[in-house]
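Take a look at the structure set out below.
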Amino acid sequence: MIDLHNDVFIKMDKQKFAEYIKDAEQNGVEAIFVSVWTTEMEKPMEQVRRCRQVIDEMDTRVKLLLHIEDAGFVNEGNIDELLSYHPYSVGLTWNYDNPLAGGAKQEGSLTPLGKVVIERLVRAGVCIDVAHLNRKSFWQVVEGSRGIICTHACFDEVCPHGRNLDREQVRALVDMGGLIGLTLVGEFLGGRTRDDVYAHIKYFIDNFGESGLAIGTDFMGTMDLPSGLEGYSDFKGFWEYLEKKGLSKGVIDKIAFGNAKVFLNTYNKL
Ligand SMILES: [Zn+2]
């Protein structure tokens, strides 16, 4: 599988991180977006640099993609340094407004600096992650863009929540060839069973088809996980469960890795 969102890097030292990635590899994980969540960090750029270094030194078949969650510390003076660490994707905010844009729990807009930062990121081939933006900022970022990713969210029509994507947002992302990582956070799913996860998958397929959907677990970023879906070793059973629910092997493979590969092949890496 390919996981569009995992916070393991900020939770563990290098040794434990390596063990975690080894375990992921043994469970068939092909690629992980390794998130550096910077909101509460004192020296975010230093942590981004360290993450790049740790990823580069890792001896693994798992493709590790550097992701920044909350680029509020980025400005015209340090964006060159950020780009030198080759992030694959960058989320402008976490849940709160910052100097770039408006977060999911507040009302802010995309700012002039936010526009400059996006322009620089896009020009450098970095994907923009809209997962934590509020709806206003989402539309300001998405309008006229391509290659947009939403690394971890669920669907508002299944479970109304400020962190979930409404129908128009999903439509826009699918139509532009974007990628959505369905996340495993119980609060956003509206429950903590595999059936709750399935409800979101079924909603997507019934309304938008088979392309554009992937998984962004938020492992190590939340304890609020569905029972029986708490680590990579649980996915084998989850794919079998989806098959029993009536999804074809082809569709399950698209969600597990196929759709993500199409996106990653289009926008840079893999
Ligand atoms: Zn997050």
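Read the figures in this text as sums done on the coordinates, not as results from a lab. It should be emphasised that the depicted structure is a prediction, and the values quoted were computed from it without experimental measurement. Note: ideal-geometry Cβ built from the backbone for every residue, glycine included; neighbour counts use all protein chains shown.
Inspection of the stretch 249-260 finds a residue satisfying the criterion of being buried (at least 18 other Cβ atoms within 10 Å of the Cβ) and over 30 Å from R123 (Cα atoms). Any chance the stretch 134-150 includes a residue that's charged (D, E, K, R) and closer than 24 Å to Q47 by Cβ? Looking through the stretch 134-150, none of the residues is charged (D, E, K, R) and closer than 24 Å to Q47 by Cβ. Mind checking which pairs have a first residue in the stretch 246-270 that is at positive phi and a second that is surrounded by 20 or more Cβ atoms within 10 Å (Cβ to Cβ), Cβ under 7 Å, 6 or more apart or different chains? Matching pairs, first to second residue: N268/Y88; L270/A31; L270/L264. Helices (runs of 4 or more DSSP H) fully within the stretch 1-70 that include at least 2 residues being away from the ligand (no atom under 14 Å from the Cβ): 14-26, 44-57. The set of residues in the stretch 71-87 being away from the ligand (no atom under 15 Å from the Cβ), part of a loop (DSSP other than H, G, I, E, B) and touching a strand residue (DSSP E or B) at 6+ places or on another chain (Cβ under 9 Å) consists of V74, Y85, H86, P87.
Considering the stretch 103-143, the residues that are closer than 16 Å to I68 by Cα and within 16 Å of the ligand (Cβ to nearest atom) include one that is surrounded by the most Cβ atoms within 10 Å (Cβ to Cβ), namely D129.
The requirement of being surrounded by fewer than 18 Cβ atoms within 10 Å (Cβ to Cβ), within 16 Å of the ligand (Cβ to nearest atom) and on the phi < 0 side of the Ramachandran plot is fulfilled somewhere in the stretch 177-196, by at least one residue. Kindly establish whether R163 is in contact (Cβ under 8 Å) with a residue 24 or more places away in the chain, within 16 Å of the ligand (Cβ to nearest atom), charged (D, E, K, R) and assigned to a loop (DSSP other than H, G, I, E, B). So R163 passes the test.
If you go through the stretch 144-158 and keep only what is away from the ligand (no atom under 16 Å from the Cβ), small (G, A, S) and under 17 Å from the mean Cα position of the chain (by Cα), you end up with just G147. Count of the stretch 1-51 residues, restricted to those that are surrounded by fewer than 17 Cβ atoms within 10 Å (Cβ to Cβ) and either in contact with a Ser or Thr (Cβ under 6 Å, 6 or more places away or on another chain) or under 19 Å from T222 (Cβ atoms) (or both), is 9.
Scanning the stretch 88-97 turns up no residue that is away from the ligand (no atom under 16 Å from the Cβ), surrounded by fewer than 18 Cβ atoms within 10 Å (Cβ to Cβ) and in a loop (DSSP other than H, G, I, E, B). Being among the charged types (D, E, K, R) and more than 30 Å from G258 (Cβ to Cβ), is that true of even one residue in the stretch 52-70? No - not one qualifying residue is present in the stretch 52-70. Looking across the stretch 174-192, just one residue is within 14 Å of L133 (Cβ to Cβ) and in contact (Cβ under 8 Å) with a residue 40 or more places away in the chain, and that is G178. Taking residues in the stretch 41-67 that are in contact (Cβ under 8 Å) with a residue 40 or more places away in the chain and on the phi < 0 side of the Ramachandran plot, and partners anywhere that are among the hydrophobic types (A, V, I, L, M, F, W, C) and assigned to a loop (DSSP other than H, G, I, E, B), the pairs with Cβ atoms closer than 7 Å and at least 6 places apart or on different chains are V62/V29; K63/L270; L64/M58. Applying the criterion of being touching a Ser or Thr at 6+ places or on another chain (Cβ under 8 Å) and not aliphatic (A, V, I, L, M) to the residues of the stretch 233-270, the residue that is nearest to G178 (Cα to Cα) is N259. Only a single criterion out of (1) assigned to a loop (DSSP other than H, G, I, E, B); (2) touching a residue at least 40 places away in the same chain (Cβ under 8 Å) is not satisfied by H200, namely (1).
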